[in-house]
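The next block holds one structure in the form of structure tokens; read it before the comments.
Just so you know, all these numbers are worked out from the coordinates, no wet-lab data involved. Note that this is a predicted model, so its numbers are computed, not measured. FYI the Cβ positions are ideal-geometry reconstructions off the backbone, even for glycines, and counts take in every protein chain you see.
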Amino acid sequence: MSTSRRAVPVALVVLAAALGLPGLSVASSAHAPRVAPGAPRTVARLVRQAHTIARLPGRTIPPLADASFDNAGTYEPATQPNCTTATRCVFGDRTAPRAVVLLGDSHARMWVPSLAPELTRLGFRLILLWYPSCPVAKVHVWYFKVNGPYRACDQFRTGAIALVRRLDPWLVLLGDSTTRKLSAARQSTPITGAQWRAGMQNTIAVLKSRARRVVVIGDLTAFSVPPPECLAATPDTVQLCSVPSPNPVVPSYRLDELAAARAERVAYLDPLPWLCTATCSPVIGSLIAYSDSDHVAFTYAEFLATVMGARVRPLLVGRHHA
């Protein structure tokens with residue numbers, strides 16, 4: 001599937017086989033046993049029922065002790081600590097003439113397991129371009145890890161957009177964290193919704209053309225406490241770890257991003273129906289769906305490959321040429 005090998009705990013194989021849930025099985029390969037994608041009806045049913053889960057199932061995928069490590073950094077180490085070239089992080093057939101680019105921060109990277117299977121089947125290569133905590137929207141942010149303006153992010157964004165335009169892929173998928181960010185100009189002042197919307201429109205406008213489609217992948221509802229930590233503390237009261245959607249405790253630019261996509265007349269792919277109803281449960285079926293407060297678990301992303309593939313497939317048909 002990718003340039004790297006996925007080292008999956010053997011426990012996942014045993015648990016997946018033992019669960020016997022419809023749509024859940026172990027898809028074996030030469031290097032990585034995986035949970036098979038769920039059928040659309042199965043995903044919808046499990047999400048609809050998730051708020052009724054009172055106690056942590058006796059067997060979960062992944063085991064609770066592994067949930068915090070069930071992420072792209074663990075299973076696709078080649079994508080660490082970033083992907084800034086067209087050849088470093090390529091999934092599917094690396095020689096395929098047709099390409100799709102996935103651009104953004106870790107909230108773009110987390111969708112690779114959902115996107116790669118269908119793109120591979122259709123004969124595309126998937127090029128991941130990502131940089132940590134770096135919005136794809138053209139906004140200048142303060143980054144706590146450098147204790148200052150995140151200039152490396154600005155440089156990455158400029159370079160990545162130029163690279164995408166040179167590559168001229170069939171499709172560009174944009175994904176980023178929409179959790180409230182601080183302004184680089186004034187550290188204590190958040191970026192406003194209007195600034196985020198304008199920054200996202202700027203990026204979309206530069207990337208889209210008559211020959212190149214752009215799609216925004218919507219962000220998740222963030223949890224107040226990382227689900228693996230919360231579930232470890234309250235395994236008999238799972239719904240104490242749930243949050244309403246949207247979560248009023250965690251301000252977000254999600255609606256501003258949606259407004260930007262509509263203003264620029266590009267598609268907006270909303271993953272929330274695959275995760276939440278009016279509330280977001282950290283456990284869906286027997287799957288722990290999140291590796292931390294705002295990232296889909298790698299295994300759950302694999303589980304969503306069929307529903308994601310169904311949304312992406314029509315976007316790859318009938319590309320217009322300038």
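How large is the Kirkwood hydrodynamic radius of segment 238-298, in angstrom, based on all distinct alpha carbon pairs?
13.1 Å
How high is the relative contact order of segment 10-316, given as a whole-number percent (alpha carbon pairs under 8 Å, six or more residues apart)?
This gives 26 percent for segment 10-316.
Can you bin segment 107-219 into rounded, prolate or oblate? Criterion: square roots of the alpha carbon gyration tensor eigenvalues sorted a ≥ b ≥ c, rounded for a/c under 1.5, prolate for a/b above b/c, oblate for the rest.
Cα axes put segment 107-219 in the prolate bin.
For segment 258-285 and segment 233-248, write down the distance between their C-alpha centroids in whole Å.
Value for the Cα centre distance between the two parts: 19 Å.
Please sort 270-279, 168-177 by packing, taking for each peptide the average over its residues of neighbouring beta carbons within 10 angstrom, highest first.
168-177, 270-279
Please get the size of the charge dipole for segment 10-316, origin at its Cα centre, with Cβ charges of +1 on Lys and Arg and -1 on Asp and Glu, quoted in debye to the nearest 20.
With only Lys, Arg, Asp and Glu charged at Cβ, the dipole is about 1040 debye.
In square nanometres, what is one fourth of the surface area of the convex hull spanned by the alpha carbons of segment 122-186?
Taking a quarter of the hull surface, the average projection is 5.0 nm².
Restricting to Cα atoms and excluding each atom paired with itself, what does the Kirkwood estimate give for segment 219-322 in Å?
For segment 219-322, the Kirkwood estimate is 15.3 Å.
Please enumerate, by chain and number, the aspartates and glutamates with C-alpha under 17 Å from the C-alpha of K208, excluding those fewer than 8 residues away in the same chain.
Within reach: D168, E257, E264.
Output the antiparallel fraction of DSSP beta bridges having both residues in the chain, as a percent to the nearest 5.
Taking every DSSP beta bridge with both residues in the chain, the antiparallel ones total about 45 percent.
Of the peptides 78-87, 247-256, how do they stack up when ordered by the mean number of other Cβ atoms within 10 Å, highest first?
Output ranking for 78-87, 247-256: 247-256, 78-87.
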